[in-house]
Amino acid sequence: MSLLEAGGAVFAEFGFDRATAKEIALRAGTNAAAVNYHFGGIEALYEDVLAEAHHRLMSYDVLARMITADIDPKEKLRRFIGLLVRVVRTANEDSWPAKVIVRELIAPTPHIDKLRRQEIEPKKALLFGVIAEIIGVAPDHPLVAQAALSTMAPCFMLLVAEKRVSEIIPALGRNTTKDEELADRLVRFTLGGLAALSASEQAARSPDREN
């Protein structure tokens, strides 16, 4: 097992605060000094693990091909949400990538620079571009970030606590609602909200309003 894989497993099990280079090296079949030698310390290894976990859950290349396709922006958003729902609901509970990301969401650490720079920002730019196109504003308009939060929030909730949410709301369980059904409903809800934002933004720009 590589140090990265071992680190992912240990961070997923214990969290960053309780993980040790000794335990990671033990699982990788090497000595504790290897973490410092190859990564410069456990903090740098954790940064690499976070970035790799995010990449495995949702690859930028896959997302880019989907969102840069020459199709209607609403269809791009539909594909994005469909992919996100599948990723969230099929993430293996015994695999470390999802667990590591969930731990970071619940108990944030200061070691997310590489994750933000290498994985989150490029993917965020793709999503913001699609949402901006649907609303009819520039990607840096405040409405876009607010709409993106509303778009992502349901899937974040499922990623963090799908099992508990399904117990409380059985209709959201995998045995009750298929991925395609859940994605379709989230898409319709999101597009409805974006349409309302677009209409209000156009009304605000209307010459009649200025008069």
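The values are calculated or read from the model by the stated rules, or taken from the named source; none is laboratory data. Given the structure is predicted, the values throughout are model-derived calculations rather than measurements. Cβ: placed from backbone, ideal geometry, glycine included. Neighbour counts: every protein chain shown.
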Checklist entry - Of the numbered conditions (1) of a type in the set (Val, Ile, Thr); (2) in a helix (DSSP H, G or I); (3) more than 30 Å from residue 135 (Cα to Cα), residue 30 satisfies every one except a single condition; which is it? => result (2)
Checklist entry - Looking at the range 131-181, which of its residues are within 20 Å of residue 79 (Cα to Cα) and small (Gly, Ala, Ser)? => result 132, 136, 145, 147, 148, 150, 153
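Conditions tested, residue by residue: (1) more than 15 Å from the chain's Cα centre (by Cα); (2) buried (at least 21 other Cβ atoms within 10 Å of the Cβ); (3) at positive phi.
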| site | (1), (2), (3) |
| --- | --- |
| 53 | no, yes, no |
| 59 | no, no, no |
| 66 | yes, no, no |
| 69 | yes, no, no |
| 74 | yes, no, no |
| 77 | no, yes, no |
| 81 | no, yes, no |
| 85 | no, yes, no |
| 89 | no, no, no |
Checklist entry - Using beta carbons and a limit of 7 Å, which pairs, at least six apart or on different chains, have the first residue in the range 135-147 and in contact (Cβ under 8 Å) with a residue 24 or more places away in the chain and the second one surrounded by 14 or more Cβ atoms within 10 Å (Cβ to Cβ) and assigned to a loop (DSSP other than H, G, I, E, B)? => result 143/137
Checklist entry - Of all residues in the range 91-113 being in a loop (DSSP other than H, G, I, E, B) and either under 27 Å from residue 132 (Cα atoms) or under 13 Å from the mean Cα position of the chain (by Cα) (or both), which is modelled with the highest pLDDT? => result 112
Next on the checklist: Out of everything in the range 146-178 that is more than 16 Å from residue 80 (Cα to Cα) and among the small types (Gly, Ala, Ser), what residue ends up being surrounded by the most Cβ atoms within 10 Å (Cβ to Cβ)?
Outcome noted: 166
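So which of 6, 19 ends up being modelled with pLDDT of 95 or more, over 18 Å from the mean Cα position of the chain (by Cα), small (Gly, Ala, Ser) and not in a loop (DSSP other than H, G, I, E, B)? Please lay out each step first, then the result.
Values: 19 fails: not in a loop (DSSP other than H, G, I, E, B).
From the options 6, 19, the qualifying one is 6.
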Checklist entry - Does residue 86 fit the bill of being among the charged types (D, E, K, R), within 19 Å of residue 153 (Cα to Cα) and without any contact (Cβ under 8 Å) to a residue 24 or more places away in the chain? => result no
Item to check | For residue 118: the one exception among (1) part of a helix (DSSP H, G or I); (2) polar (S, T, N, Q); (3) at pLDDT below 90 | outcome: (3)
